[in-house]
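Engineer: Can you read through this structure? Questions will come right after.
Read the figures in this text as sums done on the coordinates, not as results from a lab. All figures in this text were calculated on a predicted structure; none of them were measured in a lab. All Cβ positions, glycine included, derive from the backbone under ideal geometry; neighbour counts span all protein chains shown.
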There are 4 protein chains.
Amino acid sequence: MFQLDYMDHSPLYEQIKEKIKALIISGVLKPDEKVPSVRELAQSLTINPNTIHKAYKELELEGYIYSVRAKGSFVTPIYNKINQARKDNLLLELEKLVSELAYMNIPKEQLISRIEELYERGRQKNND
Amino acid sequence: MFQLDYMDHSPLYEQIKEKIKALIISGVLKPDEKVPSVRELAQSLTINPNTIHKAYKELELEGYIYSVRAKGSFVTPIYNKINQARKDNLLLELEKLVSELAYMNIPKEQLISRIEELYERGRQKNND
Amino acid sequence: MFQLDYMDHSPLYEQIKEKIKALIISGVLKPDEKVPSVRELAQSLTINPNTIHKAYKELELEGYIYSVRAKGSFVTPIYNKINQARKDNLLLELEKLVSELAYMNIPKEQLISRIEELYERGRQKNND
Amino acid sequence: MFQLDYMDHSPLYEQIKEKIKALIISGVLKPDEKVPSVRELAQSLTINPNTIHKAYKELELEGYIYSVRAKGSFVTPIYNKINQARKDNLLLELEKLVSELAYMNIPKEQLISRIEELYERGRQKNND
DNA sequence: GTGGTCTAGACCACT
DNA sequence: GTGGTCTAGACCACT
């Protein structure tokens, strides 16, 4: 499904979170689709199941997946994802990032066209 | 100059880095202007000079300041800030962020107008 | 593993960097092999762990090793060692050195045959 | 004549040494030619004369210049420059550098052709 | 047990 | 007075 990068200094559970999140955002994992079970993923990545569990727990808190006891974890359908705190947080991060890019003299047109592309790509995913 | 947030889980040196960087990016600290000396800042924040030193060293690696032994640390003049690795890194972070915002159905117009504002603000700083 | 030279004026962490680098370049430490842990090396050299940490951090920045929290530090596999900035830097140092040797009337054939030998030696290491 | 780089972490007197040495090696300063006086250079670089003095003293020790009291400092004619200790030192540095470049898979042909060029350039300087 | 952070404090080189 | 090095030692997060 994906690979861990041991050169990366972030903890393994953070990496797992990011990878799963990326799969959801990119549309590889669809709403209500089952994500791999903790044991399954632990085995395929050859790491401790506790590490996977921690990642899934945080993904649930952030609203990306929901767990059903004895069934597994599933992708939260999109209309549930309106998490205002998370949204505010992301917008704040965006501001910091853009300010830094502006300071580095990256032309704003480059950023805007990149955004257009990413939104276009997202739109297509939804129509699948 | 600024305050540390001891509730924040990120390491102190990271917080210091972010604060100094924000002062540079926002134009409060101008190119070639002296930033507080290691000891001075350590005293005013009542933390260990080693922690400041670490923050400054990383800011130097990222190209924001340069340190001169026996003289102090100074804001890198803007034309030196062309750090390709850092730029690539920031653009990658931007992509992740925007993808997530798109997934949350934030209208792209909101992002774009935010970017326009931030660039406009930066342009004004340069004219001071 | 190696010894420090307290007569040497260069800082201890620099000496440690050079020694580890030499072990990697000479093929004593193989790709993905574990280098001694920070504490282990500190104990065997009877110096402070912070000093080892600093040396390892710089070796990581230069691309020679990578550190994994809770696991240890490891030799970067060779294909990852393409660090353009470092390469440029070394080539520049080479130019300065060769110019000085030329000025001293060292015959260029001596330098070239020395280079041939060193490359031959490296080739053999790879075949181990 | 040249400029100091305050971004460079090496002490000012080291930088001055390197700059003067480069002028000698490149043939800009010819054998027995006068190098700028301590005061003159101190004034043009707006630094303390002691710093220049230290640089010149070390250049004299390494055999690049000689001082004549009340007259100034001059470039040592080339046949005096056979300083065996310095030579050995440079050859050792060359070995370290080449080993590192070999480890980085820089083709040896690149190094050799660079050396040929530098020697050719030196030969032309001598014929001026 | 591992690397990473931080404090407290000494001492050095350089200007 | 400045940044840089180093020690001694505590404590943390992660596996």
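Engineer: Near residue A:51, within a Cβ-to-Cβ distance under 15 Å, what is the net charge of the other residues, with Lys and Arg +1 and Asp and Glu -1?
Structural biologist: Values: positive: A:17, A:19, A:39, A:54, A:57, C:69, C:71; negative: A:5, A:8, A:14, A:18, A:40, A:58.
Here the count lands on +1.
Engineer: OK, next. Could you work out the mean count of beta carbons from other protein chains within 10 Å of each residue's beta carbon in B:53-64?
Structural biologist: Details: counts 0, 0, 0, 0, 0, 0, 0, 2, 1, 1, 2, 2.
Shielding by partners across B:53-64 averages 1.
Engineer: Find out how many positive minus negative residues lie around residue A:41, taking Lys and Arg as positive, Asp and Glu as negative, among other residues whose Cβ is under 13 Å from that of residue A:41.
Structural biologist: Working: positive: A:17, A:19, A:34, A:39, A:54; negative: A:40.
After counting each charged neighbour, the total is +4.
Engineer: Please work out how much length the chain gains when fully extended from residue D:39 to residue D:61, using 0.36 nm per residue of separation minus the C-alpha to C-alpha distance, in nm with one decimal.
Structural biologist: The span from residue D:39 to residue D:61 would gain 5.9 nm if fully extended.
Engineer: While we're on this one: How large is the charge dipole for the range C:12-79, taken about the Cα centre, if only the Cβ atoms of Lys, Arg (+1) and Asp, Glu (-1) carry charge, to the nearest 20 debye?
Structural biologist: Working: 10 positive and 8 negative charges, 37 e Å.
Dipole of the range C:12-79, to the nearest 20 debye: 180 debye.
Engineer: Could you calculate, for the range D:12-80, the ratio of the Cα radius of gyration to the Kirkwood radius, expressed as Rg to Rh?
Structural biologist: Details: Rg = 11.1 Å, Rh = 11.9 Å.
For the range D:12-80, the value is 0.93.
Engineer: For residue C:70, place a label point 7 Å out from Cα along the Cα→Cβ vector, do the same in each other copy, and report the separations in nm, one decimal, smallest first.
Structural biologist: 3.2, 4.7, 7.7
Engineer: Hey, what D do you get for the protein assembly as shown in µm²/s if you plug the Kirkwood alpha-carbon radius into Stokes-Einstein at 10 °C and 1.306 mPa s? Walk me through the numbers before you get to the answer.
Structural biologist: On the way: Rh = 27.6 Å.
The Stokes-Einstein estimate is 58 µm²/s.
Engineer: Now for a separate question. Would you mind checking the tilt of helix A:108-127 against the longest principal axis of the Cα atoms of chain A, expressed as 0 to 90 degrees and rounded to 10?
Structural biologist: Helix A:108-127 sits at roughly 40 degrees to that axis.
Engineer: In nm², what is the average projected area of the convex hull enclosing the Cα atoms of the range D:84-127?
Structural biologist: 3.6 nm²
Engineer: Using alpha carbon centroids, what distance separates the range A:54-128 and the range B:103-128, in Å?
Structural biologist: Answer, in whole Å: 18.
Engineer: Given label points at 7 Å from Cα along Cα→Cβ, what nm distances, shortest first, separate residue A:37 from the same residue in every other copy?
Structural biologist: Shortest to longest, the spacings are 3.5, 6.5, 9.0 nm.
Engineer: Calculated from DSSP H runs of 4 or more alone, at -39500 (n - 2.57) each and per residue, what is the 222 nm mean residue ellipticity of chain B, nearest 500? Each step should come with its number before you reach the end.
Structural biologist: Details: 5 runs with 75 residues, N = 128.
Computed ellipticity for chain B at 222 nm equals -19000 deg cm²/dmol.
Engineer: Quote the charge dipole size of the protein assembly as shown about the Cα centre in Debye, to the nearest 20; the model charges only the Cβ of Lys and Arg (+1) and of Asp and Glu (-1). Let's see the in-between values first.
Structural biologist: Working: 76 positive and 76 negative charges, 103 e Å.
Computed about the Cα centre, the dipole is about 500 debye.
Engineer: When Cβ neighbours within 10 Å are restricted to other protein chains, what is their mean count per residue of peptide C:30-38? Working shown, then result.
Structural biologist: Numbers: counts 0, 0, 1, 0, 0, 0, 0, 0, 0.
Going residue by residue through C:30-38 and averaging, the value is 0.
Engineer: Still on this structure, I have one more. Determine, for the range B:68-128, the count of lysine pairs separated by eight or more sequence positions (or lying on different chains) whose alpha-carbon distance falls under 26 Å.
Structural biologist: On the way: B:71/B:81; B:81/B:96; B:81/B:125; B:87/B:96; B:87/B:108; B:87/B:125; B:96/B:108.
Step by step, the pairs that qualify in the range B:68-128 add up to 7.
Engineer: Moving to a separate point now. Among B:2, A:12, C:103, pick out the residue whose Cα is farthest towards the positive end of the charge dipole of the protein assembly as shown, where Lys and Arg carry +1 and Asp and Glu carry -1 on C-beta, about the Cα centre.
Structural biologist: B:2
Engineer: Then there is this: Between helix D:12-25 and chain D, what is the angle of the helix's C-alpha long axis to the longest principal axis, kept within 0 to 90° and rounded to the nearest 10?
Structural biologist: Compared with the principal axis, the helix lies near 70 degrees.
Engineer: Looking only at Cα atoms, what is the convex hull volume of chain A per residue, in Å³?
Structural biologist: Working: hull volume 17.0 nm³, N = 128.
Measuring per residue, one finds 133 Å³ for the Cα hull of chain A.
Engineer: Specify, for chain D, the residue whose C-beta is closest to the rotation axis mapping it onto chain A, with the distance given in whole Å.
Structural biologist: Looking at chain D's Cβ atoms against the axis toward A, the nearest is D:9, 13.
Engineer: Ignore the peptide's own chain and count Cβ atoms of other chains within 10 Å of each Cβ in B:88-99; give me the average, rounded.
Structural biologist: On the way: counts 0, 0, 7, 6, 0, 6, 11, 4, 8, 8, 11, 9.
Mean shielding count: 6.
Engineer: Pairing the Cα long axis of helix A:84-103 with the longest principal axis of chain A, what angle in degrees results, from 0 to 90 and rounded to the nearest 10?
Structural biologist: Roughly 40 degrees between the two axes.
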